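Every number here is computed from the coordinates shown, using simple stated rules; none is lab data. Since the model is a prediction, treat every value here as computed from it, not as a measurement. Positions of Cβ are backbone-derived with ideal geometry, glycine not excepted, and every protein chain shown enters the neighbour counts.
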Amino acid sequence: MIFKVPLTKDLGFAGDLFTLLSNSISELALENQKLPNQVIFNGDLGLEVFNYIKEKDWNFKGFSLSYQAGPLNQIIFKYSSALTQVEGGDATIFENGSLNGKQVNGIPGPETIGKIMSVYSGTSFKIERTVRPEHRIKLIRL
């Protein structure tokens with residue numbers, strides 16, 4: 001996503017910036033079931049946006065806003081620590097005559113039932129991994 005930063009920052013810019021920040025935080029929270037707690041502004045345009053927020057005294061209680069110098073003009077939404085992501089471990093639910101989207105036609109025999117049960121409902125393991133999700137917005141001059 002790209003966000004345009006004008007030289008003259010009017011009420012339209014303030015509204016657009018607020019919407020961008022709100023939507024980016026919400027999007028990351030929905031994906032990970034947890035609010036991100038860091039917003040990092042990079043580059044010259046990032047510094048302008050960071051200073052604008054500070055000048056307007058916007059309340060970001062619960063979030064860490066910071067500026068980091070660098071060649072890229074961007075805003076990064078992220079978590080201060082890694083998140084644990086867990087997949088699997090749930091047995092397959094057999095609904096509407098299908099198995100994970102596969103249609104079952106006819107009456108399966110005992111051998112087929114055994115295969116189905118061992119393949120589709122035998123998921124007693126979990127996949128657990130550490131992830132560091134983030135959302136980046138590129139900043140450009142109008």
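Figures for the structure shown
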quantity	calculated
Using a Förster distance of 30 Å, the FRET efficiency for residue 63-residue 141 (Cβ separation, nearest 0.05)	0.70
Qualifying lysines (Cα of each under 28 Å from Cα of residue 115; at least 8 residues distant if same chain)	102, 126
All lysines inside 17 Å of residue 56 as judged from Cα atoms, apart from same-chain residues fewer than 8 positions distant	9
Selection of chymotrypsin sites (Phe, Trp or Tyr not before Pro), the range 10-65, meeting DSSP coil and at most 13 other Cβ within 10 Å	58, 60
Gain in span if fully extended, residue 85 to residue 54, counting 0.36 nm per residue against the direct Cα distance	7.7 nm
Anchor residue 54: aspartates and glutamates whose Cα lies under 20 Å away (excluding residues fewer than 8 positions away in-chain)	10, 16, 44
